[in-house]
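J.: Here it is: the structure, laid out below.
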Amino acid sequence: MPKYTFVCDHCKKEKQTYTSISTKTQKCECGEEMHRKFPNIGGTQTNELIDKYTNKSLVKDHKEILGERKLDYYWSVEVPKMVNSGTYELETMLEKDWVFYDEKGNLVTRTKPPQRS
């Protein structure tokens, strides 16, 4: 059961109790009904430090970290699938830098973005 905060409109008393999700009101000691208070989370900003050794925080670096993860996943998982599927022509794969020829002339599939290679 979740813990909710109930507030009385008459005497302004607050009370925290464990109740079911469907419970919207409770009786107050003054005889009036107490209404469930919802948390105010709109507009809050988290300044939590994710890694104290590298000083990366959620707000500043979150989009950058997710972008790097998506890029790594695309090149390490999706590109080899597309190359091995046989649906793409060699010219298309070369244009998109999915494959390249190494020094010995062998066709190699990229598993990292071309910028990082």
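The values are calculated or read from the model by the stated rules, or taken from the named source; none is laboratory data. Because the structure is predicted, anything quoted here is derived from the model rather than measured. Methodologically, a virtual Cβ is constructed for each residue, glycine included, from the backbone with ideal geometry; neighbour enumeration extends over all protein chains shown.
J.: Considering only segment 93-117, state which residues are in a loop (DSSP other than H, G, I, E, B) and more than 33 Å from the chain's Cα centre (by Cα). Before the answer, list the steps.
T.: Within segment 93-117, the subset in a loop (DSSP other than H, G, I, E, B) is 96-98, 102-106, 110-117.
Answer for segment 93-117, where residues must be in a loop (DSSP other than H, G, I, E, B) and more than 33 Å from the chain's Cα centre (by Cα): ASP102, GLU103, LYS104, GLY105, ASN106.
J.: Taking interchain pairs and intrachain pairs at least six residues apart, which have beta carbon atoms under 7 angstrom, with the first residue in segment 73-84 and in the same structural domain as PHE100 (by TED's automatic domain parsing) and the second outside any helix (DSSP H, G or I) and of a type in the set (S, T, N, Q)?
T.: As it stands, the answer is TRP75/THR111; SER76/THR111; VAL79/THR109; PRO80/THR109; PRO80/THR111; VAL83/THR109, since those pairs meet every condition given.
J.: Same structure, new question: Filter segment 33-67 down to residues that are surrounded by 10 or more Cβ atoms within 10 Å (Cβ to Cβ) and either at pLDDT 90 or above or aromatic (Phe, Trp, Tyr) (or both), then give me how many there are.
T.: 4
J.: Which ones in segment 82-105 are loosely packed, with under 10 Cβ neighbours inside 10 Å and of a type in the set (Ser, Thr, Tyr)?
T.: SER85, THR87
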